[in-house]
1. Once segment A:29-97 is represented by equal point scatterers at the alpha-carbon sites, with solvent omitted, what log10 I(q)/I(0) does the Debye formula produce at q = 0.18, 0.23, 0.24 Å⁻¹?
2. Eigenvalues of the Cα gyration tensor times 5, then square-rooted: what semi-axes does that give for segment A:167-311, in whole angstrom, largest first?
3. If you plug each phi of segment A:25-37 into the Karplus form 6.51 cos²θ - 1.76 cosθ + 1.60 with θ = phi - 60°, what whole-Hz ³J(HN,Hα) values come out, in order, with x for Gly and Pro?
4. Which is the longest part of chain A that has none of the GluC sites (Glu not before Pro) sitting in a DSSP loop with at most 15 other Cβ atoms within 10 Å?
5. Show the residues, 5+ positions off or on another chain, whose built amide H is closer than 5 Å to the amide H of B:E193.
6. Please give the FRET efficiency for B:D192 paired with A:E276, using the beta carbon to beta carbon distance and R0 = 60 Å, rounded to the nearest 0.05.
7. Determine, from the Cβ-Cβ distance of B:N227 and A:H158 and an R0 of 51 Å, the FRET efficiency 1/(1 + (r/R0)^6), rounded to the nearest 0.05.
8. Can you list residues whose amide H is under 5 Å from A:L138's amide H, if they're 5+ apart or on another chain and H is modeled 1.01 Å from N?
Amino acid sequence: MSAFNAIGSDREVERKEFTPGIEPQATWCPGCGDFGVLKALKGAMAELGRDPEEVLLVTGIGCSGKLNSYFESYGFHTIHGRSLPVARAAKLANPDLEVVAAGGDGDGYGIGGNHFMHTARENHDMTYIVFNNEIFGLTKGQTSPTSPKGHESKTQPHGSAKSPIRPLSLALTSGASYVARTAAVNPNQAQEILVEAIEHDGFAHIDFLTQCPTWNKDAKQYVPYIDVQQNDDYDFDRSDRGEAAEMMQRTERSLYEGEVLTGRFYHEPDRPSYGEEKREVGEMPEEPLAEQYHDDDYEWERSYDLLDTHK
Amino acid sequence: MSTSSTRARATPTGSSSRPATPPRPTSRPAPPSNWPTTTSCRPSCCTIRSSPASCGPSTSRCSTASRDDDGGVSPRSIPGQQGGRFLATGNEHTPEGHISEDTDNRVAQLERRLRKLEAIREELDGRETHQTLCEPVEDADYGILTFGSQQGTVEEAVDRLAADGHAVKSLGVSALMPFPEAEVTTFLESVDEALVVEMNGSAQFRGLVQKELGRFGPKLHSLLKYNGNPFEPGEVVEGFETIIDGDEPAPTTRFVPAAGD
């Protein structure tokens, strides 16, 4: 019998089960977009009937990194920019675990930009939520990789000389198999997108616009927003890489012109995940690696013995 | 390099030669059977054994009594197990894993982490040693202490010195933290003088030995090399002879005589 008896329990799960008994109230500022992520994530997990104990929520550093203090599940608050490596390992070792990684735009697109690119490339089966408030919020509003060109802050007092990165395009080019953008001001769409992303078998990237009313005074509230799937002006095939790329570029450009476009931008449902590829070539066992931990009779291999140092 | 058959290698504790591979663990510890079945209090990184009532932030030391004997190491659950939920964070946190800047909690948690060092050393001391003693002659008066990649070079030099009639042995230290205090103390107490051979300009390893043991400074000479090339056995031989006859060491090395602690 599996040691992971919380996985696949298949029962009715109430949203409130994801609210911890300790510290149920988040300490984010009033009006913070992060509340929207928390709400949508609780709603999505309950909608999917996930047991809090079959979920691992891995976070980076920043206001967003406290998400798992306020979300009741297994939680791992990692170091800056490193939520993805921890999430990847957990998922590879226990593929039936529901793994969600989360962090801010500075954490994910700056500090851990390399992990973002390569986790997308390798198509690790997980959901990655990037809280995008276009600044570093926890440390009081410094310029981040998504701050608009010319954005003034303590670190760029004469205005940022750098063009912001294009998160959706970056995800697509790197190899993400599901790419979406949503906004904290639209919790219903956010929950729907989270449900799709969690159900997607592969790397699902959500650029989640989270307004920071305290430290990003230029911050838009990201209203009015447009759902590109519900507006006839934006007709594109999200399974087509070329059309998706064009739509993403338009979306990224228009954000700085005051037009907030959200929705699903790319979906490639059939690409095998990294874990599937590794099991296919026999480099990962069919039975979850994590099961070995509780197997008293397991004959442990030493990594050293697997090396042929002078081949 | 001479063959190993020409010298006897023994561990500082007196057992026989270093095995080709360390022993492999035969089984994993079973998960604790007393994980709580309720989830009202996260059985976190530290308190799976505590009752939920005793682990609130206001009584942050509450669970230390039940945790005194665990070496500072928490029981481990793996995500996906019923009743094993935890929150891990690198920020200082309560036993439940929630971030806390409370000073009492901070002291208790840091002291708990420090206990791991003692527990790890204790456990390692109960196993086959990681240090390598090279002792071609019995009752050597001189010792050479080294670590890292010049260990083999030092052992070759010790063989040459012994063949020349010097009463010398060496200890290659592979565990630097937690430091193998007992083994290194035994080695240094057994000799009159020792040469610490290392490849840097500031005698870092000798400094570490003095910091960890707080003594032996007066008998620790240094042989340093920092020209970018590895030690040659001949340089170690010459460095050692500097102790005996006061001659200059090889020009590629620097000899620093013992000076005290």
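Bear in mind these aren't lab numbers, they're just calculated from the coordinates by the rules spelled out. Since the structure is predicted, the reported quantities are computational estimates derived from the model, not experimental observations. Positions of Cβ are generated from backbone atoms using ideal geometry, with glycine treated the same way; all protein chains shown enter the neighbour counts.
1. -0.72, -1.09, -1.15
2. They are 40, 18, 15 Å, listed from largest to smallest.
3. For segment A:25-37, the Karplus curve yields 9, 5, 9, 5, 5, x, x, 5, x, 4, 4, x, 5 Hz.
4. Details: sites that count: A:E12, A:E14, A:E152, A:E257, A:E259, A:E283, A:E286, A:E299, A:E301.
After excluding every exposed loop site, the longest remaining stretch is A:15-151.
5. B:G143
6. The calculated FRET efficiency here is 0.40.
7. For R0 = 51 Å, the calculated efficiency reads 0.60.
8. A:C63
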